[in-house]
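Q: Would you mind keeping the following structure in view while I ask a few things?
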Amino acid sequence: MTTPTRAVVLGGGWAGMLTAHVLARHLESVTVVERDLLPDGPLHRKGQPQARHVHILWSSGAGIVENLLPGTIERLLAAGARQIGWNRDLVTLTASGWQYRFPATTYAMMCTRPLLDWVVRDAILSSGRIEVKQGIEVVGLVGDRSKVSGVLVRDVAGGEPRPLEADLVVDATGRASRLGRWLAGLGLSAVEQDVVDAGVGYATRMFKAPEGVSGTFPAVMVAADHRTRSPGRFGVVYPQEGGRWLVTLTSTRGAPLPTHEDEFTGFAKMLRHPIVSDLIGVAEPISPIFPSHSGANQRLYPERMAQWPQGLLVIGDSLAAFNPVYGHGMSTAARAAEALDRQLAGDDFGEGGTQRVQRALSEVVDDPWIMAGLKDIQYVNCRIRTDDPRLTDPDTPERLRFSDYVADRSIRSPKVSEVATSVLSLNTPQKALGDSHFLSLLRTDTKYPELVEPPFHPDELEMVGLKPPGNAANGVLG
């Protein structure tokens, strides 16, 4: 295959737009095919129900987007997004206990998903180099078992399918991708898939923060304790633009998902600490409750296919989708776009070029995949379909015990926390948790006393009308 000149990207969401932007830096023609009508502003759209729930963009992904689209972070902040220093601006109850608020060494952007999408989409499309075909759905691939030469599309409103030619087709349609059906239409077998499904469900509601709450009020997270061997319950209160809080309550299989107002508040009271319930009690609900059950980790392995057609790539949630509680999806998509940019800059589309590029994209998802998988297999009733030895071999319980030990230390030891947070945010490869430097830190780093109360500044709780515990600020070191 020669270097492509015409690309079609299937899907106009976060991954699709970043992919289209990268392709437009190298190719003559890029077209995005999107089933929805994309809103002209930070608004929700029908084909993206998951956008109702909390999203974060880790610094690893935000830095890549900033490099690709200079000024993005400034535009997000100007629109009301918060740049949360981890763990300085976060009050977290982990499975191991309360996390000390150490000085921030990385950050996450917090705002609504529609705002993230719109700021990036607006910047990308303002160049005029990308054509967007909206209200169009893909019904198949054009080509054969050895090469894809375009897609078959039709209007969502109806009509006959028609071909859209391309040298390169990128599937960025997300969890609902119909790639298997499209490949079958070319006479190809299904792509190998792994699934780690803890039965995660989400219920989200938007609240207006109390009057007088400043932009310094921390994000709040209460996690489940997998070691109890009971269904997990999580709750987060994340600041959003417009003086709002987005509250998402999460359950694993076996814990009922709240869908009504009384269930929502009742679920919050059942968390391991009442802080989420307390904050809900002083805020004003301004939206319905939005439920979702799309929380399984699932990963395709196109790079393992004995035969894969030239000119076809898979990226974003179409390739690997994670339990959203870890916040890895958007940053992983950004990292994949960066990897694609490197591959195109290296003119890597000679013989077997598609396979080489796809392998590079698949390597990007490996760390977040194994982190999410190792965490979720610890919850009761988790359903697993994988041959990945890192999740199934006899040594896995020992790896999980080491992971728990690292978690126990990172909430109380600043240098251990710095490395663990860098890995969690995808700034540092997961293998760093096994190198000699980190193992030495586990032995030598300062270990602060266990916290018995959430580490708020007294004035933080006072601004929302809650009484500060007597020793809460002892855990605030940032």
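Q: Those residues that are touching a strand residue (DSSP E or B) at 6+ places or on another chain (Cβ under 9 Å), outside any loop (DSSP other than H, G, I, E, B) and either open to solvent by 10 Å² or more (accessible area, probe 1.4 Å) or farther than 11 Å from Y202 by Cβ (or both), I need them from region 248-270; list them, please. Give the steps one after another, and end with the answer.
A: Within region 248-270, the subset touching a strand residue (DSSP E or B) at 6+ places or on another chain (Cβ under 9 Å) is 248-253, 255-259, 261, 263-264, 267-268, 270.
When the remaining residues are screened for being outside any loop (DSSP other than H, G, I, E, B), the result is 248-251, 261, 263-264, 267-268.
Answer for region 248-270, where residues must be touching a strand residue (DSSP E or B) at 6+ places or on another chain (Cβ under 9 Å), outside any loop (DSSP other than H, G, I, E, B) and either open to solvent by 10 Å² or more (accessible area, probe 1.4 Å) or farther than 11 Å from Y202 by Cβ (or both): E261, E263, F264, F267, A268.
Q: Which numbered condition trips up K46, out of (1) surrounded by 18 or more Cβ atoms within 10 Å (Cβ to Cβ); (2) not in a helix (DSSP H, G or I)?
A: Every listed condition holds for K46 apart from (1).
Q: Could you tell me whether any residue of region 231-238 is over 19 Å from the mean Cα position of the chain (by Cα) and open to solvent by less than 50 Å² (accessible area, probe 1.4 Å)?
A: yes
Q: Here's something else I'd like to know. Go through region 127-158 and report how many residues are under 27 Å from the mean Cα position of the chain (by Cα) and small (G, A, S). Walk me through how you get there before you give the answer.
A: First, pick out the residues of region 127-158 that are under 27 Å from the mean Cα position of the chain (by Cα): 127, 130-138.
Restricting the remaining residues to those that are small (G, A, S) gives 127, 135.
Counting residues in region 127-158 that are under 27 Å from the mean Cα position of the chain (by Cα) and small (G, A, S) gives 2.
Q: Can you work out which of the residues in region 388-401 that are of a type in the set (D, E, K, R) and either touching a residue at least 24 places away in the same chain (Cβ under 8 Å) or touching a strand residue (DSSP E or B) at 6+ places or on another chain (Cβ under 7 Å) (or both) is surrounded by the most Cβ atoms within 10 Å (Cβ to Cβ)?
A: Once the filter is applied, the top-ranked residue is D388.
Q: OK, next. Give the residues of region 383-401 that are touching a helix residue (DSSP H, G or I) at 6+ places or on another chain (Cβ under 6 Å) and more than 14 Å from R299 (Cα to Cα), sorted by residue number. Even if it seems obvious, please write down each step before you answer.
A: Step one: filter region 383-401 for residues touching a helix residue (DSSP H, G or I) at 6+ places or on another chain (Cβ under 6 Å), giving 390-391.
R390, the sole residue that qualifies.
Q: So which of G85, G80 is surrounded by fewer than 23 Cβ atoms within 10 Å (Cβ to Cβ) and under 17 Å from E66 (Cβ atoms)? Let's see the steps before the verdict.
A: Values: G80 fails: under 17 Å from E66 (Cβ atoms).
Result of the check over G85, G80: G85.
Q: Being free of Cβ contacts under 8 Å to residues at least 40 places away in the same chain, open to solvent by less than 10 Å² (accessible area, probe 1.4 Å) and within 20 Å of the chain's Cα centre (by Cα), is that true of even one residue in region 354-368?
A: Taking region 354-368 first, the residues free of Cβ contacts under 8 Å to residues at least 40 places away in the same chain are 356, 360, 363-364, 366.
Then keep just the ones that are open to solvent by less than 10 Å² (accessible area, probe 1.4 Å); that gives none.
No, the conditions are met nowhere in region 354-368.
Q: Output the number of the condition that A306 fails; it satisfies all remaining conditions of (1) in contact (Cβ under 8 Å) with a residue 60 or more places away in the chain; (2) open to solvent by 20 Å² or more (accessible area, probe 1.4 Å); (3) more than 14 Å from R178 (Cα to Cα).
A: The single condition A306 does not satisfy is (1).
Q: Would you check if A407 is small (G, A, S), surrounded by fewer than 20 Cβ atoms within 10 Å (Cβ to Cβ), out of contact with any Leu (no Cβ under 6 Å at 6 or more places or on another chain) and at pLDDT 95 or above? Let's see the steps before the verdict.
A: Values: small (G, A, S): yes; surrounded by fewer than 20 Cβ atoms within 10 Å (Cβ to Cβ): yes; out of contact with any Leu (no Cβ under 6 Å at 6 or more places or on another chain): yes; at pLDDT 95 or above: yes.
Yes.
Q: Output the residues belonging to region 207-218 that are buried (at least 21 other Cβ atoms within 10 Å of the Cβ) and touching a strand residue (DSSP E or B) at 6+ places or on another chain (Cβ under 6 Å).
A: Of region 207-218, the ones buried (at least 21 other Cβ atoms within 10 Å of the Cβ) are 209, 217-218.
Hits for region 207-218 are A209, P218.
Residue by residue, here is whether (1) small (G, A, S); (2) out of contact with any strand residue (DSSP E or B) (no Cβ under 9 Å at 6 or more places or on another chain) holds:
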| site | (1), (2) |
| --- | --- |
| S403 | yes, yes |
| R412 | no, no |
| T428 | no, yes |
| A432 | yes, yes |
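Q: Right, next: Look through region 326-347, keep the residues that are under 8 Å from the mean Cα position of the chain (by Cα), in a helix (DSSP H, G or I) and not polar (S, T, N, Q), and return whichever of them is surrounded by the fewest Cβ atoms within 10 Å (Cβ to Cβ). If you could, list the steps in order and put the result at the bottom.
A: Let us first name the residues in region 326-347 that are under 8 Å from the mean Cα position of the chain (by Cα), namely 326-332.
Next, from what is left, pick out any that are in a helix (DSSP H, G or I): 326, 329-332.
If we keep only those that are not polar (S, T, N, Q) as well, we get 326, 329-330.
Numbers: Y326: 18, G329: 27, M330: 27.
Taking the candidates together, the pick is Y326.
Q: Inside region 430-447, can you point out the residues that are loosely packed, with under 15 Cβ neighbours inside 10 Å and either free of Cβ contacts under 8 Å to residues at least 24 places away in the same chain or of a type outside the set (D, E, K, R) (or both)?
A: Step one: of region 430-447, the residues loosely packed, with under 15 Cβ neighbours inside 10 Å are 431-432, 434-437, 439-440, 443-444, 446-447.
Of everything in region 430-447, those that are loosely packed, with under 15 Cβ neighbours inside 10 Å and either free of Cβ contacts under 8 Å to residues at least 24 places away in the same chain or of a type outside the set (D, E, K, R) (or both) turn out to be K431, A432, G434, D435, S436, H437, L439, S440, R443, T444, T446.
Q: Among residues belonging to region 49-84 that are of a type in the set (D, E, K, R) and part of a helix (DSSP H, G or I), point out the one that is nearest to D122 (Cα to Cα). Spell out the reasoning first.
A: So the first thing to find is which residues in region 49-84 are of a type in the set (D, E, K, R), and the list is 52, 66, 74-75, 82.
Narrowing further to those that are part of a helix (DSSP H, G or I): 52, 66, 74-75.
Working: R52: 20, E66: 14, E74: 14, R75: 11 Å.
Filtering first and then ranking leaves R75.
Q: Can you tell me which residue in region 271-322 is farthest from A224 (Cα to Cα), limited to those that are outside any strand (DSSP E or B), in contact with a strand residue (DSSP E or B) (Cβ under 8 Å, 6 or more places away or on another chain) and β-branched (V, I, T)?
A: My answer is I315.
Q: Give the residues of region 369-385 that are surrounded by fewer than 19 Cβ atoms within 10 Å (Cβ to Cβ), assigned to a loop (DSSP other than H, G, I, E, B) and β-branched (V, I, T), sorted by residue number.
A: V380
Q: Which of the following residues is part of a helix (DSSP H, G or I), under 19 Å from L93 (Cα atoms) and open to solvent by 40 Å² or more (accessible area, probe 1.4 Å): E450, E418, E460?
A: Numbers: E450 fails: part of a helix (DSSP H, G or I); E460 fails: open to solvent by 40 Å² or more (accessible area, probe 1.4 Å).
Within the list E450, E418, E460, the selection yields E418.
The values are calculated or read from the model by the stated rules, or taken from the named source; none is laboratory data. As the structure is a prediction and not an experimental result, all values here were calculated from the model. Cβ: placed from backbone, ideal geometry, glycine included. Neighbour counts: every protein chain shown. With ligands, DNA and RNA removed, areas are computed over all heavy atoms of the protein, side chains included. Shrake-Rupley method; radii C 1.70, N 1.55, O 1.52, S 1.80 Å.
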